[in-house]
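Have a look at the structure below, then the notes.
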Amino acid sequence: MTETDEQARQRREQGAEQGPERGSGPGRERSPEQGREQGTGPETAQDPEDAQWLRRLTAWRTAERSLARPSSDLPLGERLAGLAAGAGTVTALDRSTDFYGNGVVADLEERIAGLLGTEAAAFFPTGTMAQQVALRCWAGRTGNPTVALHPLAHPEVHERGALESLSGLRTVHPTHEPRLPTAQEVRDFAEPFGTLMLELPLRDAGFVLPTWDELETVVAAARERDAVVHFDGARLWECAPHFGRELPEIAALADSVYVSFYKTLGGISGAALAGTASLVEEARTWRHRYGGQIFQQFPAAIAALIGLDQELPRLPSYVAQARMVAGALAEGFAAAGAGWFRVHPEPPHTHQFQVWLPYGADALTEAAVRMAEETGVALFRSWHPAPSGPPGLSFTEVTVGRAGLEWTARDVRDTVGEFMERLA
């Protein structure tokens, strides 16, 4: 199949902001590693689009201030130095490295099971593999290969039809609203399904979450239909403040949970699937069959353990700061005469949210890059055309991390004004 111009653009602009595992959807910038694999990295950036990407990455890397600094922005030397510096804080450096999942990888699995309150957990090289294995296992156990999930969920948008192609699964959608399904929608859905998959938060709808009561009733509705419940918890770590519950209580609602190590925690790669001991044991078999039984994975496991120690305790402060930032952004746009704009959701449910403006994506991205280059302040990253609606409407994803804790509401409002001046 011939690649279209739009597909090529998306391929070139995936990766660094949220990590390469997330695919080719909105809100991603390509990583340097992906560029080198295709012969178009910083050393050989001859294509105009590759040069543009390198310019953006340089602007974000060198900005003195930003709301978050994704680990994928860091040069190779800094990543390696950080891993070496932190390794001794999470494991003994004189022990043997891992072989096919033992050692520090097994330590990480035990840590995850303890954090989520499950019987067991298995490390996977990618979240995509972990989730596909979970849904395949449940299809076999329930005898129903149909998975109910949101049309904006990760398997529907970012995995190229893998559930059907690799596992013979079928997907159905209890709702098309930009939120997770309600209990009534689950009860009233006309077709039977074996598994209900809930992405917490639903990233492509704006990192949105239900209330705790809504989540409990949705799970109960699935149980009424004799369906199992699987949580896509790639970003489960930052859901606890919104729900007002600890991680074990959240995970206990589901029959299985997948969590990511590079999203939020700043790890290198990898994920874990958590649940009962028998499910995890079956998942290990399918992991091997899918090619996930990798000889050594200690760098990814160590990076994940460092993230759990260093970033997980800070997440409540990131979520609280994101709420302040979102409010200040709205005030700044209003003061700058932006006209129509939207901060979604307001207030944010996690430390990530969307911003929408009625301008072209290229113009907005150019304004963001110019401001980073000229002032050393990176307020926004890439902007993307709205997937539906009138032309000229664009959105970006905002993440508030450790670097954003030093921002005041006035800082945000003033920076919005400078951004709008460049846009004009």
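The values are calculated or read from the model by the stated rules, or taken from the named source; none is laboratory data. Only a predicted model underlies this, so the values are computations on that prediction, with no experimental measurement involved. We place every Cβ from the backbone using ideal geometry, glycine too, and count neighbours over all the protein chains shown. What goes into the accessible areas is simple: the full protein's heavy atoms, side chains included, and nothing from ligands, DNA or RNA. Shrake-Rupley method; radii C 1.70, N 1.55, O 1.52, S 1.80 Å.
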Kindly report, to the nearest 10 Å², the accessible surface of Phe124 as traced by a 1.4 Å probe over protein heavy atoms only.
0
At 222 nm, what value in deg cm²/dmol follows for the chain if DSSP H runs of at least 4 each add -39500 (n - 2.57) and the sum is divided by all its residues, to the nearest 500?
-13500 deg cm²/dmol
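Set the Förster radius R0 to 56 Å, insert the Cβ-Cβ distance between Ala409 and Gln293 as r into 1/(1 + (r/R0)^6), and round the FRET efficiency to 0.05. List each step's numbers first, then the result.
Details: r = 50 Å, r/R0 = 0.89.
Result of the calculation: an efficiency of 0.65.
How would the stretch 303-424 be classified by its alpha-carbon gyration tensor: rounded, prolate or oblate, with rounded meaning a/c under 1.5 and the a/b versus b/c comparison settling the rest?
Values: a/c = 1.73, a/b = 1.59, b/c = 1.09.
Verdict is prolate for the stretch 303-424.
Keeping all protein chains in place, calculate the accessible area per residue for the chain (probe 1.4 angstrom), answer in Å².
41
Say R0 is 35 Å: what FRET efficiency, to the nearest 0.05, do Thr175 and Gln310 get from their beta-carbon distance?
Working: r = 37 Å, r/R0 = 1.06.
Result of the calculation: an efficiency of 0.40.
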Could you state the per residue volume, in Å³, of the convex hull enclosing the Cα atoms of the stretch 208-260?
72
Over all pairs of different Cα atoms in the chain, the reciprocal of the mean inverse distance gives a Kirkwood radius in Å of 22.2
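Rounded to the nearest 0.05, what FRET efficiency do Glu78 and Arg223 give with R0 = 45 Å and r taken as the Cβ-Cβ distance? Could you check? The partial results should precede the final answer.
Values: r = 47 Å, r/R0 = 1.05.
With a Förster radius of 45 Å, E is 0.45.
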